[in-house]
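Visitor: A single structure is presented below for examination.
The values are calculated or read from the model by the stated rules, or taken from the named source; none is laboratory data. All figures in this text were calculated on a predicted structure; none of them were measured in a lab. Quick reminder, even Gly has a Cβ in these numbers, built from the backbone with ideal geometry, and neighbours come from all protein chains shown.
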Amino acid sequence: MAAEATPTPTRVFVYGTLKRGFPNHPLLAACASPFVGTASTTAPASLVIGPYSVPFLLPTPSSSSGRVVSGELYAPSPAALAELDALEASASPASSLDSSPSLPTLPVWFSPFHSASASSQGTHIGVYERRPITVVTDGSGEVVEAEAYFAHPSYAEALWRRCGGEAAEIGEYTADHAARYVPISERATGAAAGLIDAIHRFLATAPDS
């Protein structure tokens with residue numbers, strides 16, 4: 001009997017605070033997530049900075065040309081991937097979102113995965129969605145089918161508009177951005193401290209507020 005083929009491990013593309021030298025990298029390093037290399041998206045994407053200087057990768061709106069986004073590629077074990085999902089409070093690709101309502105038919109604070117209780121990392125279900133993304137590794141030029149944590153579609157487009165649209169898009173989350181990052185431990189206490197709640201408040205304010 002032929003041996004079953006070993007499934008190819010999921011590659012995860014990180015573009016923000018999980019990168020090496022950035023505030024949340026120790027959380028990634030604590031998981032079984034070997035570093036593969038630096039990489040960039042093969043197609044333009046929309047990366048914007050939201051509340052607490054948290055970066056959000058968005059599906060590029062039709063009104064934007066987007067930018068190539070740089071980041072790092074990792075190969076987490078299944079257990080580590082589950083830990084990353086918990087950290088990002090994400091819905092995995094296996095979770096069907098096809099029937100989930102999205103903007104603008106519902107208020108921007110609607111999320112089919114929203115939970116009133118914070119996870120151990122202080123975020124809420126519904127903040128991110130792990131989705132496929134194609135990247136190319138630096139140096140070797142290998143094209144890799146990976147996954148990345150995107151802003152949840154229930155608020156993604158509204159966040160893009162609130163941040164300033166195409167003019168606010170960046171190609172790289174830098175040390176300057178990270179210097180303004182507010183760690184979970186330093187955010188306000190209580191239920192409103194969740195990132196999804198901060199997003200709701202951010203969307204409810206005018207750009208010059």
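Visitor: Quick one: what pairs do we get from segment 124-139, first residue modelled with pLDDT of 95 or more, second in a loop (DSSP other than H, G, I, E, B) and among the aliphatic types (A, V, I, L, M), C-beta under 8 Å, 6+ apart or different chains?
Guide: Final answer for the pair search is THR134/ALA43.
Visitor: Would you mind stating whether GLY171 is closer than 23 Å to THR42 by Cβ, free of Cβ contacts under 8 Å to residues at least 24 places away in the same chain and of a type outside the set (A, V, I, L, M, F, W, C)?
Guide: no
Visitor: A further question follows. Just the residues that are closer than 17 Å to PHE150 by Cα and either of a type outside the set (A, V, I, L, M) or at pLDDT below 95 (or both), please, taken from segment 1-17.
Guide: The answer is THR10, ARG11, PHE13, TYR15, GLY16, THR17.
Visitor: Then there is this: Please go through segment 150-166 and give me each residue that is part of a loop (DSSP other than H, G, I, E, B) and surrounded by fewer than 24 Cβ atoms within 10 Å (Cβ to Cβ), ordered by number.
Guide: Hits for segment 150-166 are PRO153, GLY164.
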